[in-house]
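Written out below as structure tokens is the structure these notes cover.
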Amino acid sequence: MAEKLDIPEEFHSTLVPELLTDDTTIQFDCHPGVSCFNICCKAADVTLAPYDILRLKKRLGMTSSEFLDKHTVPFEVDGQGLPGIKLRTDDNKTCLFVREEGCSVYEDRPAACRYYGLGLLSHRAADSSQDVQFYFRNKEAHCQGWNTEKVMTVRDYRAAQGVPEYDEINREWMQLMLKKKSAGPAIGKPDPLSYQLYFMASFDIDRFRRFVESPAFSKVYVISEEMRHEWQDDVVLQRFGFRLLRQVLFDEQTIPTHENILEKRWEERKDIIELRHKAAVDLHLQRAEAERKAALDVSDDGASA
């Protein structure tokens with residue numbers, strides 16, 4: 001049964017205010033015979049998830065770095081600078097992969113395209129460690145797919161579109177974002193190096209592979225030869241990347257490190273870290289002083305007036 005949501009009328013959106021489950025029945029279909037076919041691809045705003053890139057870069061015979069450079073644009077997910085990526089479009093907002101006959105990468109199209117007509121929402125209650133998936137209708141004005149005769153459950157629609165495979169692999173990544181969002185200021189703003197690691201592990205898998213295969217990485221983490229061999233599979237490596245992010249961002253220790261290595265690295269980098277800390281403190285004091293002077297200038301202007 002769909003759960004109705006109480007959303008004020010002034011917040012107009014194409015999203016229908018109800019939550020759907022796998023068992024909810026919908027009446028929707030999209031195929032070349034529908035009058036609006038391809039219109040959604042000519043006004044594309046597609047956010048990419050990690051598994052989308054694995055499929056597309058393999059389809060196009062590119063490295064992940066090449067794919068990111070040629071076919072994506074960056075954006076900021078939140079107010080703390082968390083990086084995200086979207087599919088690049090032409091100047092008219094048309095997807096670069098669309099043709100008159102349809103999508104040229106259809107078998108490897110992103111999850112957002114597979115879900116079109118529906119949307120996916122992952123939610124985790126404050127008192128729970130597990131996230132729950134819901135779905136919602138997205139009824140854009142031009143879309144005639146909702147006026148077709150085909151009736152099916154959300155589960156059947158997802159299966160027909162091939163999204164369960166995408167959801168399974170992307171879910172660990174979505175849980176990371178949920179965890180970061182729910183933690184909020186408690187974990188502080190991640191430093192630029194953490195964001196670089198996040199971007200590599202999430203989106204630039206070939207660069208991430210070079211990173212984890214480097215001698216410097218092996219000095220910190222205990223990695224077996226069997227694991228290194230398994231990393232040749234992009235999906236296996238990506239899941240390892242999600243584990244590493246959990247360890248770096250949230251201190252969930254699942255990847256063993258060499259004994260006392262963190263203490264040794266602290267000693268090696270202590271001077272640099274302390275200088276960076278001092279620079280950050282000095283910058284904060286300079287900004288505070290500038291704000292204080294600005295406030296005094298305003299007060300003086302007011303008194304003069």
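Accessible surface of Thr254, taken over heavy atoms with a 1.4 Å probe and every protein chain present, rounds to 80 Å². The shape of the range 12-100 can be summarised by an equivalent ellipsoid whose semi-axes, obtained from the alpha carbon gyration tensor, come to 26, 20, 15 Å from longest to shortest.
Applying a threshold of 20 Å to the alpha-carbon distances of Lys70/Lys93; Lys139/Lys179; Lys42/Lys139; Lys180/Lys219 flags Lys139/Lys179; Lys180/Lys219 as lying beyond it. The relative contact order of the range 53-176, computed from alpha carbon pairs under 8 Å that lie at least 6 residues apart in sequence, is 16 percent.
Sorting Phe136, Phe211 on solvent-accessible area from highest to lowest, probe radius 1.4 Å, gives Phe211, Phe136.
A 1.4 Å probe over all protein chains sorts Trp231, Trp146 by accessible area into Trp146, Trp231, starting with the largest. Prolate is the label for the range 21-70, because the ratio a/c of its alpha-carbon gyration tensor axes (a ≥ b ≥ c) is 1.5 or higher and a/b is greater than b/c.
Note on Ser224: accessible area approximately 60 square angstrom, rounded to 10, probe 1.4 Å, nucleic acids and ligands left out.
Shape analysis of the range 75-170 places it in the oblate category; the axes a ≥ b ≥ c from the Cα gyration tensor give an a/c of at least 1.5, with a/b not above b/c.
Computed packing ranks the peptides 52-58, 243-249 as 52-58, 243-249, most packed first, by mean other Cβ atoms within 10 Å.
For the range 137-179, the percent of C-alpha pairs falling in each 10 Å distance bin, counted from 0 to the bin holding the largest distance, reads 22, 36, 30, 11, 0.
The values are calculated or read from the model by the stated rules, or taken from the named source; none is laboratory data. Keep in mind that what you see is a predicted model, and the values were worked out from it rather than measured. Cβ atoms come from the backbone with ideal geometry, glycine included; neighbour counts cover every protein chain shown. Accessible surface is based on the protein model in full, side chains and every heavy atom, while ligands, DNA and RNA are left aside. Shrake-Rupley method; radii C 1.70, N 1.55, O 1.52, S 1.80 Å.
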